[in-house]
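Take a look at the structure set out below.
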Amino acid sequence: MSIKLKIKKGDLVKVMSGEAKGETGKVISINRENNRVLVEGVNKVKKHTKPNAKHPNGGIVEQEATLHISNLMLMDGAGKASRIGRKVDEKSNKLVRFYKSTGEVVK
């Protein structure tokens, strides 16, 4: 059973706990099965690779690792981390996300 996630691909998020605490970045991908998120430029790890077409000499490559979705918060327009809620929009009658701190709808 999968839960409704409040963070989507392309959102600007802030890391709230762990080694990368305080860093911000854009969501690249989401793994819904494990509730893990790949954030651009955050939680860098070093991976040892064999020689291949992309890296002919092999070596140590630095890349992003996933973070658990519970460690992230969405950034609002003012650059602050905010909790997210969902409500039905009066005009379009669709379910929209909104910032709980300001009440503003997430674009």
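Only one of VAL13, VAL61 is within 24 Å of VAL105 (Cβ to Cβ), open to solvent by less than 80 Å² (accessible area, probe 1.4 Å) and β-branched (Val, Ile, Thr). Can you tell me which?
VAL13 is the lone residue from the list that is within 24 Å of VAL105 (Cβ to Cβ), open to solvent by less than 80 Å² (accessible area, probe 1.4 Å) and β-branched (Val, Ile, Thr).
Quick check on my filter: what residues within the stretch 45-101 are assigned to a strand (DSSP E or B) and basic (Lys, Arg)?
Of everything in the stretch 45-101, those that are assigned to a strand (DSSP E or B) and basic (Lys, Arg) turn out to be LYS46, LYS47, ARG86, LYS87, ARG97.
Among all residue pairs at least 6 apart or on different chains, which show Cβ distances below 6 Å where the first residue, located in the stretch 89-100, is closer than 21 Å to MET75 by Cα and the second is assigned to a loop (DSSP other than H, G, I, E, B)?
VAL96/ASP89; ARG97/VAL106; TYR99/ASP76; LYS100/ARG83
Among ARG36, ARG97, ARG86, which is open to solvent by less than 40 Å² (accessible area, probe 1.4 Å) and either on the phi > 0 side of the Ramachandran plot or of a type in the set (D, E, K, R) (or both)? Walk me through it before giving the result.
On the way: ARG36 fails: open to solvent by less than 40 Å² (accessible area, probe 1.4 Å); ARG86 fails: open to solvent by less than 40 Å² (accessible area, probe 1.4 Å).
Just one listed residue meets the conditions, ARG97.
If you scan the stretch 21-33, which residues turn out to be open to solvent by less than 60 Å² (accessible area, probe 1.4 Å) and either out of contact with any Lys or Arg (no Cβ under 9 Å at 6 or more places or on another chain) or among the small types (Gly, Ala, Ser) (or both)?
Scanning the stretch 21-33 gives GLY22, GLY25, SER29.
Here is a list of conditions, (1) of a type outside the set (A, V, I, L, M, F, W, C); (2) open to solvent by 100 Å² or more (accessible area, probe 1.4 Å); (3) closer than 16 Å to LYS6 by Cβ; (4) in contact (Cβ under 8 Å) with a residue 12 or more places away in the chain, and LYS46 meets all of them except one; can you say which number that is?
For LYS46, the exception is condition (3).
From LYS21, LYS4, which residue is over 11 Å from the mean Cα position of the chain (by Cα) and modelled with pLDDT under 90?
LYS4
Which of the residues that make up the stretch 66-95 are more than 16 Å from GLY10 (Cα to Cα) and among the hydrophobic types (A, V, I, L, M, F, W, C)?
ALA78, VAL88, LEU95
Does GLY18 count as in a loop (DSSP other than H, G, I, E, B) and surrounded by 10 or more Cβ atoms within 10 Å (Cβ to Cβ)?
Details: in a loop (DSSP other than H, G, I, E, B): yes; surrounded by 10 or more Cβ atoms within 10 Å (Cβ to Cβ): yes.
Here the answer is yes, as GLY18 does meet what is asked.
The values are calculated or read from the model by the stated rules, or taken from the named source; none is laboratory data. Keep in mind the model is a prediction, meaning the values are calculated, not measured. Every residue, glycine among them, receives a Cβ derived from its backbone with ideal geometry; neighbour counts consider all protein chains shown. These accessible areas exclude ligands, DNA and RNA; they are computed on the full protein's heavy atoms, side chains included. Shrake-Rupley method; radii C 1.70, N 1.55, O 1.52, S 1.80 Å.
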